[in-house]
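One structure is given below, encoded as C-alpha cells.
No value in this document is a laboratory result; all are computed from the given coordinates. Keep in mind that what you see is a predicted model, and the values were worked out from it rather than measured. Backbone-built Cβ (ideal geometry, glycine too); neighbour counts: all protein chains shown.
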Amino acid sequence: MTDGEPAIEVAGLIKRFGDAEAVRGIDFAVWPGEVFGFLGPNGAGKSTTINMLCTLLRPTSGSARVAGFDVVRQRDDVRRRIGLVFQDPTLDGYLSGEQNLRFHAELYGVPRSLTADRIGQVLEMVGLWERRRDLVQTYSGGMKRRLEIARGLLHSPRVLFLDEPTVGLDPQTRSSIWEYIRHLKETEEITIFMTTHYMDEAEYCDRIAIMDSGVIVALDTPEALKAGVGKDRVQIRTADDPAAITALKARFGLEAVVAEGAVTFPVASGEVFVPRLFAELGVPIRSVSVARPSLDDVYMSFTGSTIRDAEGSASDQMRLAMHAKGR
C-alpha cells in the first residue's frame, strides 16, 4: 500500500442476515493516517461493517479492500495488517497482562527476538508496564481496555479497528483512553477506524460517516458537518407538546419533533427567536434551551431523531438481525 492509495476502500458493500439487511450498500474510503469514525446508534450497522472489513463476516455483495488487499479473496493478507479491539472483552483474565500479549504475539508470528521489546513498548504506551505481571482479572475496566488496545498494536498493524472502544467506561476513563488513541496516532503512523455512538468522541475524528439503518447518510469532517446545519437547536418543554408542535408549524413555519423528552426544532439565531416564541406561540412554555449546532443536530438533520432516541429502535433491529443469523 502506497501513500496515494486508500487504507480502506469500500464499494457497494451489503450484508444480509436472512431477511434483515444490516448494511445496505455503502461506499467510502479512508486515507492513511486518518482517524475515521462511524457514528450511529447501536444496531445501525457499524459493527457489522467492521466485521466485514476485518474478514470476520463475508459480505453478501459489494467489495472492500483493507491495506491494499481484498477482504474476501486475500483474507490472510488483510489479517496480518490489521489490529482489532472488539466491543466485548476478549482477554484471558487468568493470565497476566504480559502473558496475554505473548500469546497474541505467537498467534501473529511476531519474531521472538522482537517480542519482548515490542511488549514493553506497547505496555509503556498505555501505562500498564508496572502492572504487566498482574492477572488481568485484577484490572479495572479502563485498564482492560488499554491492554486490548496494546494487544491490537503489538504486531504493528497498518490499520487499527476500534469497535466502541470506550463503551461502558466512566467519563474520566473514556477521556484517558482517548489520550492514548491520540498518542498512538502520533507515534505509530497508523490508520484508525473506529465506531462510536458517543457524540463527544466523534469530535476527535478527522472525518465521520454517520450511519443510520445500514446506510451512510453523511460523511465529512466534524466541523463541516456542523457548519452544514447552520441553525441553532431550540428545545422547549410545554404543558401540551402536540399543540406546541402544531403552533410552531402554523405560526412560524417550523418543523418540530419530540426528542429527548422536549419539543425540538432548528432555527436561525435562536437567542433572538426565543422572545417571539414566548410572545406568539400560544402554548405555555415551562422551559427553553438554545444550543449551537452540534453533531447531535447533524444526526437529527439527516435522520429525524437524536442518537439517544434512536438507540431503542436500533437495538430492536440488531436483535432481529442476530436472531436471523442464528437460525
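Considering only the other residues whose Cβ falls under 12 Å of the Cβ of Thr55, what net charge follows from Lys and Arg at +1 and Asp and Glu at -1?
Values: positive: Arg58, Arg65, Arg73, Arg75, Arg79, Arg80, Arg81; negative: Asp70, Asp76, Asp77.
Local charge sum for Thr55: +4.
If contacts are Cα pairs under 8 angstrom and at least 6 residues apart, what is the relative contact order of the chain in percent? Mind dumping the intermediate values first?
Values: 610 pairs, mean separation 70.4, N = 327.
Contact order relative to length: 22 percent.
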1/(1 + (r/R0)^6) with r = Cβ-Cβ of Ala243 and Ala291, R0 = 25 Å, i.e. FRET efficiency to nearest 0.05, evaluates to 0.60
Once both axes come from the Cα atoms, what is the angle between helix 112-125 and the longest principal axis of the chain, in degrees from 0 to 90, rounded to 10?
30 degrees
Shape verdict for segment 125-188, please, from the Cα gyration tensor: rounded (a/c under 1.5), prolate (a/b greater than b/c) or oblate.
oblate
Work out the FRET efficiency for Lys231 and Phe278 from their Cβ-Cβ distance, taking R0 = 25 Å, and round it to the nearest 0.05.
0.85
Check: segment 231-292 dipole with +1 on Lys, Arg Cβ and -1 on Asp, Glu Cβ, in debye:
100 debye
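Only Cα pairs under 8 Å and at least 6 apart count here; give the relative contact order of segment 56-178 as a rounded whole percent.
Details: 140 pairs, mean separation 43.4, N = 123.
Taking the mean separation of contacting Cα pairs over the length of segment 56-178, I get 35 percent.
Tally the DSSP beta bridges in the chain and give the antiparallel ones as a percent, rounded to 5. Mind dumping the intermediate values first?
Working: 35 of 53 bridges.
Just about 65 percent of them are antiparallel.
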For the chain, modelled as a GNM with alpha-carbon contacts under 10 angstrom, which of Lys226, Lys144, Lys249 fluctuates the most?
Lys249
For the chain, modelled as a Gaussian network with Cα springs under 10 Å, which listed residue fluctuates most, Ala150, Ala262, Ala64?
Ala262
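Give, as a single signed number, the net charge of other residues whose beta carbon lies under 10 Å from the beta carbon of Ala116, with Lys and Arg counted +1 and Asp and Glu -1.
Working: positive: Arg102, Arg112, Arg118; negative: Glu98, Asp117.
With Lys, Arg at +1 and Asp, Glu at -1, the neighbours total +1.
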Considering only Pro275, Pro59, Pro266, give the residue with the highest GNM mean-square fluctuation for the chain, with springs between Cα atoms whenever their separation is below 10 Å.
Pro275
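Which of the pairs Lys15/Lys231; Lys15/Lys185; Lys226/Lys249 have their Cα atoms more than 26 Å apart in this structure?
Details: Lys15/Lys231 36 Å; Lys15/Lys185 30 Å; Lys226/Lys249 24 Å.
Violating the 26 Å limit, Cα to Cα: Lys15/Lys231; Lys15/Lys185.
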Contact order normalised by length for segment 152-235, with contacts defined as Cα pairs under 8 Å and 6 or more residues apart; what percent is it?
24 percent
For an R0 of 25 angstrom, estimate the FRET efficiency from the Cβ-Cβ distance between Asp92 and Arg182 and round to the nearest 0.05.
0.30
